[in-house]
1. I need a count of the residues in the range 59-73 that are among the hydrophobic types (A, V, I, L, M, F, W, C), outside any helix (DSSP H, G or I) and touching a residue at least 12 places away in the same chain (Cβ under 8 Å).
2. Does the range 88-107 contain at least one residue that is in a loop (DSSP other than H, G, I, E, B) and at pLDDT below 95?
3. In the range 37-58, is there at least one residue being at pLDDT 95 or above, touching a Cys at 6+ places or on another chain (Cβ under 9 Å) and part of a helix (DSSP H, G or I)?
4. Output the residues belonging to the range 28-51 that are in contact (Cβ under 8 Å) with a residue 40 or more places away in the chain, aliphatic (A, V, I, L, M) and either closer than 10 Å to PHE76 by Cβ or touching a Ser or Thr at 6+ places or on another chain (Cβ under 8 Å) (or both).
5. I'd like the full set of residues that are in a helix (DSSP H, G or I) and touching a Gly at 6+ places or on another chain (Cβ under 7 Å), limited to the range 74-87.
6. Could you list, in sequence order, all residues of the range 43-82 that are hydrophobic (A, V, I, L, M, F, W, C) and over 17 Å from the mean Cα position of the chain (by Cα)?
7. Would you pick out the residues in the range 21-36 that are in contact with a helix residue (DSSP H, G or I) (Cβ under 7 Å, 6 or more places away or on another chain), closer than 17 Å to LYS87 by Cβ and in a loop (DSSP other than H, G, I, E, B)?
8. If we scan the range 24-42, do we find a residue that is over 11 Å from the mean Cα position of the chain (by Cα) and surrounded by fewer than 11 Cβ atoms within 10 Å (Cβ to Cβ)?
Amino acid sequence: MNGGTEMTYRLVGNLQKLGFTGNEAKIYSVLVLRKQYRASDIAEIARVPRSKIYRTLRGMEKKGYVRIIEGEPTLFCCVQPEELIFKIRADFMFYLNETVSELSVLSPTSVQSPRGS
């Protein structure tokens, strides 16, 4: 994957800590390097099995991580890193606040709302 640089491996690991699957993290890391790729190129560079590439890319589109450019051939590009981070942060805060509310119902005196919400 892009010469196997340490930075790329760290990025893949960090994306996984944020909820990406291993394949999603490798794909996003490849896509962020270039404007757009064909699925076959992504599979080869990211070392994701070709049998899983389309399903994974479509799932990533549903999650808002990539965009599909329909045509011949179909191309894929990642959302801008700033947009991705905003989405991950917003999703995290939403689910954190929901969890706090649900826990408060179960134990009204022990759970406080996270700061800044």
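The values are calculated or read from the model by the stated rules, or taken from the named source; none is laboratory data. Everything numeric here is computed off the predicted structure, so don't read it as measured data. Glycine gets a Cβ as well: all are built from the backbone with ideal geometry, and neighbour counts include every protein chain shown.
1. 2
2. Scanning the range 88-107 turns up at least one residue that is in a loop (DSSP other than H, G, I, E, B) and at pLDDT below 95.
3. no
4. Within the range 28-51, LEU31, ALA46 qualify.
5. LYS87
6. ILE45, ILE69, LEU75
7. VAL32
8. Yes: one or more hits.
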